[in-house]
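Each reported figure results from applying straightforward, stated rules to the coordinates on display, with no laboratory input. Just so we're clear, the structure is a prediction, and the values are computed from it rather than from any experiment. We place every Cβ from the backbone using ideal geometry, glycine too, and count neighbours over all the protein chains shown.
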Amino acid sequence: MSVKMSLGMSLKTADGREKSGIMVVRIVSEAYVPIFRAVEEKWITDEALRAGSNKRGYLSTLRSDWWHALNFFLHRVFFRGRSDVVSRKFLDKTITVLREMLGDEPELDLRALDAALKRAGVSNSEDRRMVVGTIEFTSGLQRYDFNIVDYVMSEYERGTHLERILESLKSIPGVGDKTASMFLRDLFYHLRASNLTQEECSLLQPIDVHVRRVALRTGLVFEYLLKAGYTPSQAATLLNEAGDEPIKLSISYFSTVAGASPLEVNGGLWVVGKIACKPLRFDKLTPKGKSCVHNMSTLKREYNIDEPSFHGRRCLLYPSCPFYQTIAETLKLK
């Protein structure tokens with residue numbers, strides 16, 4: 001079932017107010033995207049240092065240095081549905097093993113690699129399968145000097161549809177839609193953020209629990225589906241059946257019509273989910289006045305990010321957030 005929509009939708013309601021999807025994107029862009037940028041800057045700078053380079057040098061060699069490209073890829077696909085601390089631990093062990101085993105080309109005895117990873121403490125079999133699959137994939141990229149970044153960018157520049165490139169990455173065992181999309185989002189964000197179409201930007205949308213929660217609670221996805229011509233009941237059914245596609249499309253659509261970067265808005269929504277829009281169960285609601293409140297402790301601890309001026313206050317999206325209104329009614333919040 002197709003849920004794609006053109007850019008012909010009006011940005012305002014009949015009484016002249018901005019539609020909620022546009023408001024969400026504008027608030028996210030103004031308040032939360034700067035935090036995403038700070039996190040991304042910290043992440044890529046640390047990543048470059050760990051690769052023995054600086055940010056500028058690291059990014060400039062991603063297409064010419066297969067090791068830097070492999071490092072960039074692994075720094076995205078390891079972070080999947082678990083604690084970042086756990087992911088980092090297994091990533092570090094993997095990088096150490098690969099440094100020791102790889103020569104001038106990323107070709108290895110795959111059984112020996114699996115055994116070495118296991119001895120090094122990469123105990124998660126899915127991680128080992130992913131690393132082995134990645135090495136097998138890159139060893140087949142002779143045309144691109146075994147460089148997974150050059151493979152992606154060269155194919156894209158030749159006119160290969162981005163969805164086909166995404167699917168090829170997902171063929172690597174253990175690499176799913178979220179992690180493959182994250183790799184592509186960060187790659188295009190740093191190397192080619194301009195001149196991307198709305199459809200292409202929808203493919204560069206990693207949807208994790210944080211982004212999904214915020215996009216659904218704020219009504220961003222539901223509004224998109226209604227404006228695409230679905231009835232409320234059809235939209236509700238589609239949200240249960242279509243997976244993350246409507247979320248990707250809604251973020252890309254509303255970001256594009258609002259003049260914001262869909263890639264950065266994706267990151268901004270992640271920030272909202274990380275610091276304010278927390279999982280809640282209505283049978284275990286947080287105490288009065290504590291719902292939807294910013295808490296920067298996690299990002300400050302993990303990325304040493306300064307607290308914004310709105311730290312300790314409610315999420316800036318709450319005035320127009322359907323989910324918050326339900327909480328407010330339940331808890332009698334003002």
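Label 7 Å along Cα→Cβ of GLU157; segment 171-207 residues with amide nitrogen under 12 Å?
192
Using a basic spin-label model with each label point 7 Å from the Cα along Cα→Cβ, how many nm lie between GLN234 and ARG99?
Reported label-point gap for GLN234 and ARG99 is 5.6 nm.
Given the options LEU225, LEU191, LEU62, which has the most mean-square fluctuation in a GNM of the chain, springs set between C-alpha atoms less than 10 angstrom apart?
In this elastic network of the chain, the residue with the biggest mean-square fluctuation among LEU225, LEU191, LEU62 is LEU191.
Could you identify which residue out of ARG128, ARG212, ARG88 has the top mean-square fluctuation in a GNM of the chain using Cα springs shorter than 10 Å?
Top of the fluctuation ranking is ARG88.
Could you put LEU108, LEU226 in order, starting from the residue whose Cβ has the fewest other Cβ atoms within 10 Å? List each step's numbers first, then the result.
Details: LEU108 19, LEU226 15.
Lowest count first: LEU226, LEU108.
Angle, helix 33-50 long axis vs. longest principal axis of the chain, Cα atoms, 0 to 90°, nearest 10?
For helix 33-50, the angle is close to 10 degrees.
Could you give the angle, 0 to 90 degrees to the nearest 10, between helix 148-157's Cα long axis and the longest principal axis of the Cα atoms of the chain?
For helix 148-157, the angle is close to 60 degrees.
Nothing charged except the Cβ atoms of Lys and Arg (+1) and of Asp and Glu (-1): what's the magnitude of the dipole of the chain about its Cα centre? Round to the nearest 20 debye.
Details: 47 positive and 40 negative charges, 321 e Å.
Around 1540 debye, computed over the chain.
Return the tail of the calculated pair distribution for the chain, meaning the percent of Cα-Cα pairs more than 26 Å apart. Don't jump to the answer; show the numbers that get you there.
Working: 28727 of 55611 pairs.
That tail contains 52 percent of the Cα-Cα pairs.
Which of the three applies to segment 196-245, rounded, prolate or oblate, going by the alpha-carbon gyration tensor with a ≥ b ≥ c and a/c under 1.5 meaning rounded? If you can, show how the numbers build up before the last one.
Numbers: a/c = 1.91, a/b = 1.32, b/c = 1.44.
Cα axes put segment 196-245 in the oblate bin.
Test of understanding: express the Cα radius of gyration of segment 49-195 as a ratio to 2.2 N^0.38 Å, with N the residue count. Walk me through the intermediate numbers first.
Values: Rg = 14.6 Å, N = 147, 2.2 N^0.38 = 14.7 Å.
Relative to the rule-of-thumb radius for its length, segment 49-195 sits at 0.99.
Between ASP145 and GLU199, what FRET efficiency follows from the Cβ-Cβ distance if R0 is 35 Å, with the result rounded to 0.05? Walk me through the numbers on the way to the answer.
Values: r = 30 Å, r/R0 = 0.85.
Once the sixth-power term is evaluated, E becomes 0.70.
With an 8 Å Cα cut-off and a minimum separation of 6 or more residues, compute the relative contact order for the chain in percent. Present the calculation step by step, with values, prior to reporting the outcome.
On the way: 377 pairs, mean separation 74.1, N = 334.
Relative contact order here is 22 percent.
Tell me the angle of helix 125-139 to the major Cα principal axis of the chain, expressed in degrees between 0 and 90 and rounded to the nearest ten.
Once rounded, one gets 60 degrees.
Test of understanding: ordering SER309, SER320, SER255 by Cβ neighbours within 10 Å, fewest first, what list do you get?
Details: SER309 7, SER320 16, SER255 28.
In order of increasing Cβ crowding within 10 Å: SER309, SER320, SER255.
Cα-Cα over 23 Å: which of LYS42/LYS300; LYS118/LYS178; LYS278/LYS300; LYS170/LYS227; LYS178/LYS227?
LYS118/LYS178; LYS170/LYS227; LYS178/LYS227
Under a point-charge model restricted to the Cβ atoms of Lys and Arg (+1) and Asp and Glu (-1), what is the dipole moment magnitude of segment 49-195 relative to its Cα centre, in debye to the nearest 20? Display every interim value, and only then the final one.
On the way: 23 positive and 20 negative charges, 122 e Å.
Roughly 580 debye, rounded to the nearest 20.
Given an 8 Å cut-off on Cα distances and at least 6 residues of separation, report the relative contact order of segment 57-166 as a percent. Don't skip to the end; give the middle numbers.
Values: 89 pairs, mean separation 32.9, N = 110.
Worked out over segment 57-166, it gives 30 percent.
Please identify, among ASP186, ASP92, ASP145, the residue showing maximal mean-square fluctuation in a Gaussian network model of the chain using a 10 angstrom Cα cutoff.
In the Gaussian network model the winner is ASP92.
Would you mind classifying segment 137-176 by shape? Square roots of the alpha carbon gyration tensor eigenvalues, ordered a ≥ b ≥ c; an a/c under 1.5 is rounded, otherwise it is prolate if a/b is larger than b/c and oblate if not. Please list the in-between numbers first.
Numbers: a/c = 2.58, a/b = 1.08, b/c = 2.39.
Note, shape of segment 137-176 comes out oblate.
Taking neighbour Cβ counts within 10 Å as the exposure measure, how do VAL86, VAL97 sort from fewest upward? Present the calculation step by step, with values, prior to reporting the outcome.
Details: VAL86 13, VAL97 21.
In increasing order of surrounding Cβ atoms, one gets VAL86, VAL97.
How many nm is it between the label spots at TRP43 and VAL209, if each spot is 7 Å from the Cα in line with the beta carbon?
A separation of 1.7 nm, rounded to one decimal place.
Enter the Cα centre distance for the pair segment 149-167 and segment 177-244, rounded to the nearest angstrom.
20 Å
Work out the FRET efficiency for ARG313 and ARG88 from their Cβ-Cβ distance, taking R0 = 35 Å, and round it to the nearest 0.05.
Working: r = 30 Å, r/R0 = 0.87.
The formula returns an efficiency of 0.70 here.
Extending each Cα 7 Å along its Cβ direction at LYS118 and TYR303, get the distance between those two points in nm, one decimal.
With each label placed 7 Å out from Cα toward Cβ, I get 3.7 nm.
Search the structure for amide H atoms under 5 Å from the amide H of ARG314, placed 1.01 Å from N in the peptide plane, and list their residues when 5 or more places away or on another chain.
Distant-sequence amide H within range of ARG314: HIS294.
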